[in-house]
1. Take the residues of region 28-54 that are touching a helix residue (DSSP H, G or I) at 6+ places or on another chain (Cβ under 7 Å) and farther than 20 Å from residue 91 by Cα: which is surrounded by the most Cβ atoms within 10 Å (Cβ to Cβ)?
2. Considering only residues that are in a helix (DSSP H, G or I) and within 13 Å of ligand 2 (Cβ to nearest atom), which ones fall in region 66-101?
3. Quick one: count up the residues across region 87-107 that are surrounded by fewer than 16 Cβ atoms within 10 Å (Cβ to Cβ), within 10 Å of ligand 1 (Cβ to nearest atom) and within 11 Å of the chain's Cα centre (by Cα).
4. Just checking, how many residues over region 1-27 are within 16 Å of ligand 2 (Cβ to nearest atom) and loosely packed, with under 15 Cβ neighbours inside 10 Å?
5. Output the number of the condition that residue 84 fails; it satisfies all remaining conditions of (1) without any contact (Cβ under 8 Å) to a residue 60 or more places away in the chain; (2) under 15 Å from the mean Cα position of the chain (by Cα); (3) closer than 27 Å to residue 134 by Cα.
6. Looking at (1) over 25 Å from residue 139 (Cβ atoms); (2) touching a strand residue (DSSP E or B) at 6+ places or on another chain (Cβ under 6 Å), can you tell me which one residue 33 breaks?
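Rule-based calculations on the coordinates, nothing more; no lab input. Just so it is clear, the model here is predicted, and its values are computed rather than measured. Heads up, the Cβs are rebuilt from the backbone with ideal geometry, glycines too, and the neighbour counts pull from every protein chain shown.
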Ligand code: SF4
Ligand code: SF4
């Protein structure tokens, strides 16, 4: 492995770790709100990775699969208890999307937990931006 490949792998591992770290913070809220949702946002078109997601998956050696089905059909990765993929295996938009009811729930919760989520989201975005800037993607 040359120096550039080594650097790229370190950046993609940092991005994976950041996604793993933030996942329980987000799931604390989605676990409370999403089971009662009447219009679930997980359509097949949202489960399809973008160029930037693919850059990350390839750099970490993850063989991604597209969500099957028509655009508006339920995402093929939706299981009985939510998404079956690890968070880092999902398109980034799946982590970045907060619908209005979810946002309202987050904001009405404990201020300390809200601040912690905002801080980790900022950190995640920074790590992802650095990875994409150094690996040919658009942040
Ligand atoms: S994030 Fe919002 S729209 Fe998506 S499943 Fe949860 S409550 Fe529904
Ligand atoms: S969170 Fe999972 S089930 Fe929902 S759109 Fe993304 S990949 Fe599909």
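1. Checked region 28-54; the qualifying residue surrounded by the most Cβ atoms within 10 Å (Cβ to Cβ) is 33.
2. The answer is 87, 88, 89, 92, 93, 94, 95, 96.
3. 1
4. 3
5. (3)
6. So the condition that residue 33 fails would be (2).
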